[in-house]
Amino acid sequence: KEEPEEAVFREVVSFSPDPLPVRYYDKETTEPVSFYLSSLEELLAWTPLTEDSFNVALQPLECRQPPLGSPRPRTLVCHDMMGGYLEDKFIQGSAAQSPYSFYHWQYIDVFVYFSHHMVTIPPVGWTNVAHRHGVCVLGTFITEWNDGGKLCEAFLAGDPRSYQAVADQLVQIAQFFRFDGWLINIENSLSVAAVQNTPAFLRYLTAQLHQHVPAGLVLWYDSVVQSGQLKWQDELNEHNRIFFDSCDGFFTNYNWREEHLERMLGQARERLVDVYVGVDVFARGNVVGGQFDTDKSLELIRKHGFSVALFAPGWVYECLEKSSFFHNQDRFWKLLERYLPTHSICSLPFVTSFCLGMGTRRVCYGQEQAVGPWYHPSAQETQPLFGEHKLPGDGQGWVKVHCCLADSWHGGSSLLLQGVIPPEVGSVAVRLFSLQVPAPHKIFLSLVYKLEGSTDVTVALELTTGDADSCHVGSISVMNETGSRHRPHPLRVPPTKLARWAGRCGQQLNGGWIQRCYEVNLHGCLLRDLFVNLSRPPGSQEEETFICRLGEIQVVDANSLLAPLPQVQNVTVSQVRWQRPTSAVEGPQGRLRLSCTLHWSYLVLQARCFRVHCWEGARGREPLGPEPAFLGLAFVNQYRVVDLVVEAAGPSQEGRVEFLVEPVPREGFRVPQAEWGRAALLYSMPL
């Protein structure tokens, strides 16, 4: 391949830059931030600007099975935490210590980002990670108190064009930022004229959203009744059913009893799963369950066949010890597990390093890149089924699966499998992912792992396949003649076109990690489940204790590795801001702080993300060190460089900083540096 051309941009240093729009950037640092709209005027005036594209989700809503529209009860999480737009508002991440992280995505179907701002646009990190797991994301449209009543009067009480203009803007916002719909929460009384128009507003909004947003969803919160009074019902009934009939679903208030659920059966009829029964995890008011008794709520809700809306499960973070957050979160979801049907992954490539989008250091394929806390929700990768599994029978065998920040192969965390293989069994298999993928004729699999302590346990990947009558598995040994679980053969000689992907296969890697690669030939099969199998050494009769850390799993269609990789092109540098260091900590005299925006062209659907680097003072293609400095991750075709410390240029001299944009393919291999996008910024001091 030809190396991409490097664009060169020239700047004269100026300490009075053009101001950036405050809605889109942190006013102190110029970091891009997610934002909300506070008034009807702001909503109606919004049109997409270049700056808005920082907040556009890269990750489309992944295919999942069963689809959201299936008749089984759903699980909705309504995320309400301390007013919203906390560390999650920083689109390129932050250095937050001990941030909140949600990772039980396999159990939920809908994620609502809630705040008390009128138009709550979900921060893009939440949309990216939810979509990666096949979970749809809703923003919130809320009106409250006297001001909310006046606002509703302004757009609902008059001409249909008024409420249609509001609905059109809500649809355009969801479509542009690539989230999936709205929770409508009118928490103020309405005039007769306004409440008469509300069903028409909901019908118009729902119809327009369905037309413009795939899998679009509009939900109504149980607040106003058809008389216009603000009167929470804690159920769907004849007083609020008109709103339910006008949109996709109904989110009940929280103070219900079982008799409310029984009455709703007749009201909901064939739309039981479109009723999301609200559960306040904080257990405020006269509620069933909540906190670590939330399973009592779920038991009753599922008994009657309804969906559930879990409000503020971040309770485990806000109210309990931060140092025990992961333990408490796992405990909370474990208690609910039997009431939460999971959904399956149904597309390839499937690649995950188990990264939580946070960590105490950054690691890139086994090499430490930076030390210090970081938090970047968009960087969270597909999470497995967590939990503790007891082996059947009377033995003492068990396996626990949980996330761990102590070590990482790629990102900031890994998956820890701890357990015991009792003497009476030869191996244990842990199901990590549910799949429903029509298998291509050839797939490649990869597992990166390490064993801790002195153990001779063998680690392998296992797949189950469906459609057993038509499914033919070639070039693979069948472990169990009566079932359809297979252990793939290791891939010994990778085809040359797969060299990049398979370059590390079978090797001992940095940090003690091991990578195993497999080739599987299939015909007429459906991939169903992905297991990790841990086997005792041959001849061993002892109880085997193990600690196995998983760094990465990949399942890749072989054909996708034959397609050419697009290149990053047309890298530009704009919106440059210069500042002098304000303290010795930020940089010595003779240095400058540089902020600027990089843009580039790339087919984003072929990228997991982009890694942005820089070299200061590089001349031509001569590197000044073994590796360029890593700046951060981008999940759109642009990146804001913030407060990069560079040398001030001397008299009649030019300083130089070179920016490099590394695409990370969906199949998860490293692209050679010669194929990264590049742009150089040459700068001089004013005369």
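Looking across 115, 70, one residue alone is modelled with pLDDT under 95, closer than 20 Å to residue 309 by Cα and surrounded by fewer than 21 Cβ atoms within 10 Å (Cβ to Cβ). It is 70. Where strands (runs of 3 or more DSSP E) fall wholly inside region 327-383, the ranges with 2 or more residues that are surrounded by fewer than 21 Cβ atoms within 10 Å (Cβ to Cβ) and of a type outside the set (Asp, Glu) are 358-364, 367-375. Look at region 223-235: where a residue is under 25 Å from residue 301 (Cα atoms) and free of Cβ contacts under 8 Å to residues at least 40 places away in the same chain and a partner is surrounded by fewer than 17 Cβ atoms within 10 Å (Cβ to Cβ) and not basic (Lys, Arg), sitting 6+ places away or on another chain with Cβ atoms under 7 Å, you get 223/187; 223/230; 224/230; 225/239; 233/239. Residue 170 passes every criterion in (1) within 30 Å of residue 633 (Cα to Cα); (2) surrounded by fewer than 20 Cβ atoms within 10 Å (Cβ to Cβ); (3) in contact with a Leu (Cβ under 7 Å, 6 or more places away or on another chain) apart from (2). You will find that of 527, 534, 592, the residue that is assigned by the TED database to the domain that holds residue 672 and either open to solvent by less than 20 Å² (accessible area, probe 1.4 Å) or in contact (Cβ under 8 Å) with a residue 60 or more places away in the chain (or both) is 592 and no other.
Pairing residues of region 48-69 that are over 21 Å from residue 171 (Cβ atoms) and not assigned by the TED database to the domain that holds residue 597 with residues that are modelled with pLDDT of 90 or more and open to solvent by 50 Å² or more (accessible area, probe 1.4 Å), at Cβ distances under 6 Å and at least 6 apart in sequence or on separate chains, gives 65/436. Quick one: in region 626-667, which of the residues that are surrounded by fewer than 21 Cβ atoms within 10 Å (Cβ to Cβ) and in contact with a Pro (Cβ under 8 Å, 6 or more places away or on another chain) is modelled with the lowest pLDDT? The residue in question is 666. Selection over region 173-192 of residues that are open to solvent by 30 Å² or more (accessible area, probe 1.4 Å) and within 20 Å of the chain's Cα centre (by Cα) gives a count of 3. For region 437-455, a residue qualifies if it is small (Gly, Ala, Ser) and either over 26 Å from residue 508 (Cα atoms) or crowded, with 20+ Cβ neighbours inside 10 Å (or both), and the qualifying residues are 439, 446.
I'd like to know if region 293-307 contains one or more residues that are farther than 23 Å from residue 250 by Cβ and open to solvent by 40 Å² or more (accessible area, probe 1.4 Å). Within region 293-307, one or more residues are farther than 23 Å from residue 250 by Cβ and open to solvent by 40 Å² or more (accessible area, probe 1.4 Å). Under the condition of being within 20 Å of residue 158 (Cα to Cα) and at pLDDT below 95, the residues counted in region 178-214 number 0. How many residues does region 132-148 contain that are under 15 Å from residue 189 (Cβ atoms) and open to solvent by 20 Å² or more (accessible area, probe 1.4 Å)? The qualifying residues number 4.
Residue by residue, here is whether (1) loosely packed, with under 14 Cβ neighbours inside 10 Å; (2) assigned to a loop (DSSP other than H, G, I, E, B); (3) of a type in the set (S, T, N, Q); (4) in contact with a helix residue (DSSP H, G or I) (Cβ under 6 Å, 6 or more places away or on another chain) holds:
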| position | (1), (2), (3), (4) |
| --- | --- |
| 8 | yes, no, no, no |
| 22 | yes, yes, no, no |
| 28 | yes, yes, no, no |
| 51 | no, no, no, no |
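The residues of region 240-270 that are closer than 21 Å to residue 206 by Cα and open to solvent by 50 Å² or more (accessible area, probe 1.4 Å), listed by number, are 242, 245, 269, 270. Inspect region 421-436 for any residue being touching a Phe, Trp or Tyr at 6+ places or on another chain (Cβ under 8 Å), among the β-branched types (Val, Ile, Thr) and open to solvent by 10 Å² or more (accessible area, probe 1.4 Å) and give the result as yes or no. Checked region 421-436: no residue is touching a Phe, Trp or Tyr at 6+ places or on another chain (Cβ under 8 Å), among the β-branched types (Val, Ile, Thr) and open to solvent by 10 Å² or more (accessible area, probe 1.4 Å). Of all residues assigned to region 193-215, at least one qualifies as being among the polar types (S, T, N, Q), under 26 Å from residue 54 (Cβ atoms) and open to solvent by 10 Å² or more (accessible area, probe 1.4 Å). Of the residues contained in region 75-91, one or more are found to be buried (at least 18 other Cβ atoms within 10 Å of the Cβ), in a loop (DSSP other than H, G, I, E, B) and hydroxyl-bearing (Ser, Thr, Tyr). When region 34-45 is filtered for residues that are outside any loop (DSSP other than H, G, I, E, B) and touching a strand residue (DSSP E or B) at 6+ places or on another chain (Cβ under 6 Å), the ones remaining, listed by number, are 37, 43. Consider region 30-49 and keep the residues that are aliphatic (A, V, I, L, M) and open to solvent by 10 Å² or more (accessible area, probe 1.4 Å). The one that is modelled with the lowest pLDDT is 49.
Number of residues in region 558-589 that are open to solvent by 60 Å² or more (accessible area, probe 1.4 Å), at pLDDT below 85 and not hydrophobic (A, V, I, L, M, F, W, C): the value is 5. Residue 551 meets the conditions (1) among the small types (Gly, Ala, Ser); (2) modelled with pLDDT under 90; (3) not assigned by the TED database to the domain that holds residue 614 in every case but one. The failed one is (2). Quick check: anything in region 308-323 more than 31 Å from the chain's Cα centre (by Cα) and within 30 Å of residue 105 (Cβ to Cβ)? No: region 308-323 contains no residue that is more than 31 Å from the chain's Cα centre (by Cα) and within 30 Å of residue 105 (Cβ to Cβ).
The values are calculated or read from the model by the stated rules, or taken from the named source; none is laboratory data. Every value quoted in this text rests on a predicted model; they were computed, and no experiment measured them. As a convention, Cβ positions derive from the backbone with ideal geometry for all residues, glycine included, and neighbour counts pool all protein chains shown. For the accessible areas, the whole protein counts, side chains as well, though only heavy atoms, and no ligand, DNA or RNA atoms are used. Shrake-Rupley method; radii C 1.70, N 1.55, O 1.52, S 1.80 Å.
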